[in-house]
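Report on one structure; see the data block that follows.
Nothing in this text is a laboratory measurement; each read-out follows from the coordinates by a stated rule. Worth saying up front: this structure is predicted, and the values here are computed from it rather than measured. Neighbour counts run over all protein chains shown; Cβ positions are idealised from the backbone, glycine included.
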Amino acid sequence: MKRWLSLLGSVWIGLSTHKLRSFLTILGVVIGVASVITLMSVGRGTQQTILSNIESMGTDLITISPGASVGFGGVRSTGGSVQTLTQEDAEALAGLDYVSAVAPYSSSSLQLIYGSENMGAQIMGVTAEYYEVMNLEMGSGGFFTDFQYQSGTRVAVIGYEVAETLFGTANPVGEEMRMGTVIVRVVGVLAEDDSMFSSTDSAVYIPLTVLQQTISQERTAQGDHIVSSIALSVTDESKAAYVEEEITSTLRSRHRLSTGEDDDFTIRSVQEIAEMITETTENMTMLLGAIAAIALLVGGIGVMNIMLVSVLERTREIGIRKALGARETDIWLQFLIEAALLTFAGGLIGVILGAGLSLVMNVTGIYTTVISVDIIILAVSVSIGIGLFFGFYPAWNASRLNPIEALRSE
Amino acid sequence: MIKLQNITKVYPMGKRELTVLKGVSLNIEQGELVAIMGPSGSGKTTLMNLIGCLDTPTSGSYYLDNKEVSHLKGGELAVIRGQKIGFIFQTFNLLSRLTALANVELGMTYAGGVDRKRAIEALASVGLAERVHHRPIELSGGEQQRVAIARAIAKNPTLFLADEPTGQLDSHSGEEVISILTSLHAEQGVTLIMVTHDANIASHCQRIIHLKDGEIVTEEKV
């Protein structure tokens, strides 16, 4: 214990007498650690933003789109280019276990006109259940009812942006607008939606029955109503995989696909999308971290450089210490701890700097950043490791000095 | 206490070899005050380094306190230096960044542990009670050498080794240093070996060993 205390004393003397040099030595480590922390927290923050956006759609959501999934094995019919899903498919899926709601939908591009204002919009024909399945949020009014859907009432729910463009400051609820050749009454306006993906701000929802009756009357050879997609929600997220299997077998038998034939539809769950995006952003975060780690490495080489110079400069001190009875391990430990303490201090300053920078970015809104404890622990331990690694050789050099020659040096 | 038997020391000098000591045998008893004299290049310093366990002989045996130390490794020699040897160098060899007190304590670090009270006592015993917190640059040469002596005293070694302790001092400070060293011997009975080329200083010692070309030529008792 006494020995370690005196060792720390020696280290402190070494560092404190060269304050400016000690600081310059660790500057590389400071910048390295600060950039690791900042970049990693930007990466994590971006990931979290994307994920929370996706999850706002509901993690219990499964979407089915027509066409096979795009693989790497040559040309296939890609999603959207074929029309294989029907409203009758959707009705069949509603009977499956653990399926709480099924919402088939179809879309069409039409011109909207209200007074002197007009705009092009993507009209979505949906069922009343769509509201629940997609976790939509109303700003004013309400979503159309199942009765309105069944009876084919000409009503519409419009997105926030659509309401602003067509109606300005006026309240659109109760107003009638023209949609192509059809006149519909606005019953509800959705709340503003700032999510990055699938924002509903520019959407217009009408009952699917209305869309089928008035605008798009596409049917399959069997006379079924074609829909462009089916969304459904499950009662239990853990049963998502089971439900997906059930959907596959139901649709395959309905579409009369023989064994060995590819699916003519693609199933995606929000969970899968979230996992995919997590993986992608994790890779991006790692890449950012790796770039910053290079800065850290350069900082480490700087530490080694200065430690080597410091050993040379303090040759006489080493000689004196050895003459007084210091063993090789005493000298070795002294210089090694000195290097590790230096880089540890650099790591700490770097963490404070990096965390501060991340916080500033967050507050000023440049980036959403998430400072995670694991990154901080990692960065600090890596900086100590760098001190030990790059301090090893200079310390070993110091410990091996011949005391007689070291005493003779000036 | 010190027993050297036929010690030789050979340094490789490129392809040739330089023989510095050619078979030195010597006994020094506990409590003796011995001077080693000789012209430069006679091997005094090499002999001093061997006795001080800073180096090992090429051949021959060296017993310190009845223990053979001539074949010990670096780490074991370091422990002996720490516990048994108190060096006093011609160039003082103080750490310029440390105060007098910290320099004395540094010596104790490797000799069993720092004891501040003892360090201050050691400085007081060489007349530097008022200079405890001064750095070497703020002290005169004689004072610096006295700090070095205090550093050796504080370690409580069995053997004091002084290599030209007055070599860089004016005659007045030199006399002061010599009087401190001789009184250390007279009052506390320490064993002290001094390398010098000053016959006047050597005359304070009990025994003078003359070295020439790596061999002991004469030994005289004062």
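Annotations
- Amide H within-cut-off set for B:Ile88, under 5 Å, with H built and near neighbours excluded: B:Leu161, B:Ala162, B:Asp163
- Backbone phi angles across the stretch A:247-264, fed through the Karplus curve with coefficients 6.51, -1.76 and 1.60 (θ = phi - 60°), yield HN-Hα couplings of 4, 4, 5, 4, 5, 4, 6, 5, 8, 6, 8, 7, 4, x, 7, 5, 4, 9 Hz in residue order; Gly and Pro are listed as x.
- Directionally averaged projected area (convex hull, Cα atoms, chain B), nm²: 12.2 nm²
- Annotation: amide H of B:Glu32 within the under-5 Å range of B:Leu192, sequence separation 5 or more or interchain, hydrogens built in the peptide plane.
- Sites matching trypsin sites (Lys or Arg not before Pro) across the stretch B:34-120 that sit in DSSP coil, with at most 15 neighbouring C-beta atoms within 10 Å: B:Lys73
- For the stretch B:183-188, 3J(HN,Hα) per residue [Karplus equation, 6.51 cos²θ - 1.76 cosθ + 1.60, θ = phi - 60°, Hz, x = Gly/Pro]: 6, 4, 5, 5, 8, 10
- Förster radius 35 Å - calculated FRET efficiency between A:Trp12 and A:Val373 (Cβ-Cβ, nearest 0.05): 0.75
- Relative contact order of the stretch A:83-263, defined on C-alpha pairs under 8 angstrom at six or more residues apart (%): 32 percent
- Estimated from the Cβ-Cβ distance and a Förster radius of 25 angstrom, the FRET efficiency linking A:Met276 and A:Glu91 is about 0.25.
- In whole angstrom, the stretch A:83-263 maps to an equivalent ellipsoid with semi-axes of 32, 18, 13, each derived as √(5λ) from the alpha carbon gyration tensor and ordered largest first.
- Modelled FRET efficiency - R0 25 Å, B:Asp198 with A:Arg408, Cβ distances, 0.05 increments: 0.70
- Label point distance in nm, A:Glu218-A:Ser116, each placed 7 Å from Cα along Cα→Cβ: 3.8 nm
- Among the chymotrypsin sites (Phe, Trp or Tyr not before Pro) within the stretch A:166-239, those in coil by DSSP and having at most 13 neighbouring Cβ atoms inside 10 Å are A:Phe197.
- Fraction of alpha-carbon pairs over 45 Å apart in the protein assembly as shown - percent: 51 percent
- GluC sites (Glu not before Pro) restricted to DSSP loop in the stretch B:17-71 with at most 16 other C-beta within 10 Å: B:Glu29
- Residue-by-residue Karplus 3J(HN,Hα) for the stretch A:328-334, coefficients 6.51, -1.76, 1.60, Hz, glycine and proline x: 4, 5, 4, 5, 4, 5, 4
- Summing +1 for each Lys or Arg and -1 for each Asp or Glu among the other residues whose beta-carbon sits under 12 angstrom from that of A:Ile54 gives -2.
- Across A:Glu338, A:Glu261, A:Glu275, mean-square fluctuation computed from a Gaussian network of chain A (C-alpha pairs under 10 Å connected) peaks at A:Glu261.
- Dividing the C-alpha radius of gyration of the stretch A:309-410 by 2.2 N^0.38 Å, with N its residue count, gives 1.52.
- In this structure, the residue pairs whose Cα-Cα separation is over 25 Å, taken from B:Lys73/B:Lys221; B:Lys67/B:Lys155; B:Lys84/B:Lys212; B:Lys9/B:Lys67; B:Lys22/B:Lys73, are B:Lys73/B:Lys221; B:Lys84/B:Lys212.
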